[in-house]
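Engineer: What follows is a structure written as C-alpha cells; I'll ask about it next.
The values are calculated or read from the model by the stated rules, or taken from the named source; none is laboratory data. Quantities reported herein were computed from a predicted structural model and do not represent experimental measurements. We place every Cβ from the backbone using ideal geometry, glycine too, and count neighbours over all the protein chains shown.
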Amino acid sequence: MNPKRITICLALVLLLSFGTSLNAMPCEQAIINHLIDMYQLDTTIYELGILTCRLKSADVDLSEVSVRALTQKEPLGLFSVLVEVSHDGKLVESGQVRLKIRKFADVLVTSDKIRRKDTFSTNNVIIRRMDVTSLREKPVNSFTVLDGHRAKRYLRKGVILTTTSIEAIPDIESGREVSIVYVDGLCHVSAPGVAMESGMAGDYIKVRNKSSRKIIMARVVDASAVAVDP
C-alpha cells in the first residue's frame, strides 16, 4: 500500500477518534461569526472583539454553538451575550461573553481649525475612515452636503463633521442693508432698511426702516430685499 495513502488514512482516523470536525474553528471565532449572521453586520464596517470569555471549549463546529443577546440594544460598543456549547445534542457548557463592537465609516473630518461662520473646502476638510462607535450625531460623509453651508460653531482640528455642526448660509445676514418692498396691486413702495436678524428666503425677520426707525417683520425675498405683506 502506498505510504502516503497510509499516512492520510491514519490522520483521518485520529481526527475522527478525537471527535474533531473538519469545520472546527476557535470557539471565540464561532461566537463572532454567529453575531455577524444574527445582525447581518457588514465586516467592512464593523469590527468585533471578545473582551471576556470563560468558556473552556477550544475548537468547535459552528453548529455546536448557540448565541443569545442579553440586551435589546443595537449591537454596538460593549455588548454581552449568553453562549451555549453542545456536542452530540448534549449541553457541554454555557456562559456569558462580553464583546466590544466598533463601527467605522468614511466621514468628513476637519483638517484645520474652523471658526464659526467659516465656509468649508478641501483646504480645511478631508474624507477619512473614522471610528464612529460613540458618535451620537449623524456624520457628514459627502462634500455635496456642505454646499451652501458653513460652520455653526468653532471646530478644532480632527473633528468629525456632523449635521448639527453645520448650518445653511442665510440669504440675509443680520446688519445687512436691504430694500423693504411693499406691493399691493398697483401700489409699489420701497424703502431702505437694515436687517436685525439673519434669514433664508421665505423666513420672516425683523427689519428696521432707516427712514422711520420703526422695526417691522418682513419676509426675505433674496439677498438684498425683504417684503412686507399687504
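Engineer: Filter the stretch 153-175 down to residues that are surrounded by 15 or more Cβ atoms within 10 Å (Cβ to Cβ) and under 30 Å from residue 228 (Cβ atoms), then give me how many there are.
Structural biologist: 4
Yes/no per residue for (1) β-branched (Val, Ile, Thr); (2) surrounded by 11 or more Cβ atoms within 10 Å (Cβ to Cβ); (3) not assigned by TED's automatic domain parsing to the domain that holds residue 131:
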site	(1), (2), (3)
44	yes, no, yes
48	no, yes, yes
52	yes, no, yes
55	no, yes, yes
60	yes, yes, yes
67	yes, yes, yes
77	no, yes, yes
84	no, yes, yes
89	no, no, yes
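Engineer: Mind checking which strands (runs of 3 or more DSSP E) fall wholly inside the stretch 111-230 and carry at least 3 residues that are touching a Pro at 6+ places or on another chain (Cβ under 8 Å)? Spell out how you get there, then give the answer.
Structural biologist: Numbers: elements: 125-131, 149-151, 166-168, 177-184, 187-195, 204-209, 215-220, 225-228.
The strands (runs of 3 or more DSSP E) meeting that bar are 177-184.
Engineer: Then there's this: Taking the options 22, 16, name whichever one is in contact with a helix residue (DSSP H, G or I) (Cβ under 8 Å, 6 or more places away or on another chain) and either modelled with pLDDT under 95 or on the phi > 0 side of the Ramachandran plot (or both). Let's see the steps before the verdict.
Structural biologist: Numbers: 16 fails: in contact with a helix residue (DSSP H, G or I) (Cβ under 8 Å, 6 or more places away or on another chain).
When all the criteria are applied, what remains is 22.
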